[in-house]
1. At what distance in nm do the modelled label points of residue 100 and residue 384 sit from each other, each positioned 7 Å from its Cα along Cα→Cβ?
2. Looking at the range 25-78, which trypsin sites (Lys or Arg not before Pro) are in a loop (DSSP not H, G, I, E or B) and have at most 13 other Cβ atoms within 10 Å?
3. Under 8 Å for C-alpha pairs, at least 6 residues apart: give me the relative contact order for the range 672-765, rounded to a whole percent.
4. Please list, by residue number, every one of the trypsin sites (Lys or Arg not before Pro) in the range 151-213 that is coil in DSSP and has at most 11 other beta-carbon atoms within 10 Å.
5. Looking at the range 63-126, which GluC sites (Glu not before Pro) are in a loop (DSSP not H, G, I, E or B) and have at most 14 other Cβ atoms within 10 Å?
6. Quick one: which residues, 5 or more positions from residue 564 or on another chain, have an amide H under 5 Å from its amide H? H modelled 1.01 Å from N in the peptide plane, none for Pro or chain starts.
7. Using label points projected 7 Å from each Cα along Cα→Cβ, tell me how many nm separate residue 93 and residue 304, to one decimal.
8. Using Cα pairs closer than 8 Å and at least 6 residues apart in sequence, work out the relative contact order for the range 378-517, in percent.
Amino acid sequence: MYSYTYDKNTGGILLNTSPTGFSKEPRPVYAAELDILGFDKYWKYDRQIEFPYMWAEANNYWYRGTLVAKLKGGNLYTAPEIIIPTDENGIPVSPEPNGKQLRPIDIKAMVEANREMIEIIEQTTVKKILAIYKKYKDKVDLFHVAFSGGKDSAVLLDLVKKALPKGSFVVVFGDTGMEFPDTYDVVEKTRKECEEEGIPFYIAKSHLEPKESWKLFGPPSRALRWCCSVHKSAPQIMKLREITGKNDYVGLDFVGVRAHESIARSEYEYENYGKKQKGQYSHNSILEWTSAEIWLYIYANNIFINEAYKKGNVRAGCLLCPMSGGISNFMRRSNYTKEIDEYVQIIKDTNEWDKNNKIDSETYITSGGWINRRSGRGIYGNIIRYKESTENGVISIELINPLSDWHEWIKTVEAKEMNYTVKKTQNGWLIQISELIMKENPAVGKIFRQAFRKAAYCSGCKVCETNCKNGRINFESGKAKITDCLHCNECHDLPGGCLMYNSLKIPQGEKKMKAINRFDDHAPKLSWLVSFFKNKEKFFDDNDLGPNQFTHFKLFLRDANLIENNSYSSFAEMISQIGWETDTAQGLILINLVANNAQLEWYVKNLEIGVNYSKRTAEDMLLAIEVKKKAAQSVVRSFKRFTETPLGTVLHFGYVTDDGSLVRTKCSVSDPRVILYGLFKFAEKCNNYKEFTLATLLNDSIERDGVSPTRIFGLDREDMIPILIGLSAKYPEFITASFTHDLEKITLAEDKTSADVLDLFKEEYTNG
């Protein structure tokens, strides 16, 4: 809510009445963290555990208002480098003069100095919680606080206690089975405290043990976060159904989400419906709180502090998470070595690259190989249980040693008119159906495929059961039992239809991958592009490029659709008219490049927006997919060349840091027609399937030939909704998009193509 300064007198934080922008999220630093990082080599301090010594903002350490250290690098096995700033004379900054001992923060004095502001923040939030309770008390079956054992949920619970009458809410801890050991200590203390106060406290946990599920599904990754559904969401829903006695209960969840935690969360609203869980309400009661306010409240109200924070962990969460990295991973392993290494060993055991000596285990882990997994390719010993092929107009689906009974899952499909056949085979089943029938019934056809995928891979994770509000799916001894299905298709609202299938699938019938190293250290330069657009046709006969440079530049121009048959293309002429150095022109070019060029496609698919990838990390990622070392080095070097063209300087595709790290950034796209062009190119690459949801568009875990414009340009849901609505209003002959409640549908016109979208530009810029 409010901005802060560091108080030199107390060593603490001092709030002021000015509203804050995006907070730097300060956190207290205790002796244990200083020891783990090796600060004892630089500073003197007591090993007391009660009071912190300083504050950290990301990787910067502040002592009584002075920046005294920075951290750089670090990974699961390697400590980050400590950088001590110097003064104007080049002398290292010392927290205390003459190397004296660090003074702990005066917590009592800090709290008193902020007492009035803390009370204002508290009262404001308590009123919000009470207001939402009064608004929904007659509309929902249950109010519940989502408790994680972290600082935010601890503060939230305390505020809800102050706001609501006893007996009006329950507390649910979602136990993933992968929590920090220190978190379980906090949970137990909180459970006892709630029981003493007459507040029901429940623990929701999957019947699957995490280490077993990691082996079943393969380790989770950034694109395949099945773990959140299996170990968090599904158990909580099952527990709330148990509490209410209803499959279709309506609840309101008090959630400790804060806008200042991330850019994505900064777009959240206080009250929402269906965003956290379908059909349920959520209230982000502490949405506008900063971490400074969170910690002040904790100290002022003597709330249990998870010891994990004192050990330098920024967040309390799962032991090994694909969304974390760098210093965070180092701190986790330093504190919980035995527990972390058990999961690391599973990654090693399931890593086929290591088994085939493509890349060593440690490199695979530290380079992010495991967190970038997008399919079952690379999982050692992965058994293909579902195969699909088409021949002579007949689609054949093979179930090979399926894990469950297809007779149950087919009940979820309205398949009366599908006219399929099923034959028993030696090790499973063969299902055959006309390709024409599937094309004529695309929606049912999709569900039809997914039913058999479920049959092939169902492990009884119960996510399908939790999706079914009608209570038609139950698991008996781990096997699905479906009764009187209403065909709502909610159980099919999962990536690929089944989380385990989606995690283990191996793309079939794919073309041989084009060589990723398309430019061999001859990626285009800005001067080449200037010459090309200036000279047009003359460029081919009059240029300063060497033979290899010219050959590789033509590859770029061809893949960008800027030349056709070694001549200046009509697309190039249009780009020239638009202004080739504008973000609009560069956006259109980038879409073509990603569609046609394996190297640009790799950058887009594998480099996450805003993440720094060191040269070594990027090279190791390429080595992990069997790119030769020299080619991998070339691909990494070429990235800088691209970012020095308008792709980087105008469109903001990415940049290279001073230390050589690769960074992809959110692009600046001013003309929404660029996105429209990207949508049609995406659809055309995906077998011309022109009807999909925004969720599908944003789901990068789906294995497909097309690349979504959301991925290409780094756009999220909040970016896309106004763009899609605007396009639908202005170009209804091309696209319709609707977003009402939980329903969202994007439909591209069947009689239009990406070339027709380009005509919109030609009409404006070239007079047809």
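Quick note: the coordinates plus some simple rules give every number you see, no bench work behind them. Note that this is a predicted model, so its numbers are computed, not measured. Because the Cβ atoms are built from the backbone with ideal geometry, glycine has one as well, and the counts that use them run over all protein chains shown.
1. Roughly 7.2 nm, to one decimal.
2. On the way: sites: 41, 44, 47, 64, 70, 72; in loops: 44, 47, 64.
Sparse-neighbourhood loop trypsin sites (Lys or Arg not before Pro): 44, 47.
3. On the way: 94 pairs, mean separation 30.7, N = 94.
Once normalised by length, the contact order is 33 percent.
4. Details: sites: 151, 161, 162, 166, 189, 191, 192, 205, 211; in loops: 166.
Sites meeting the loop and neighbour criteria: 166.
5. On the way: sites: 81, 88, 112, 116, 119, 122; in loops: 88.
Answer by residue number: 88.
6. For residue 564, the qualifying residues are 569.
7. Inter-label distance under the simple model: 3.7 nm.
8. RCO, the range 378-517: 25 percent.
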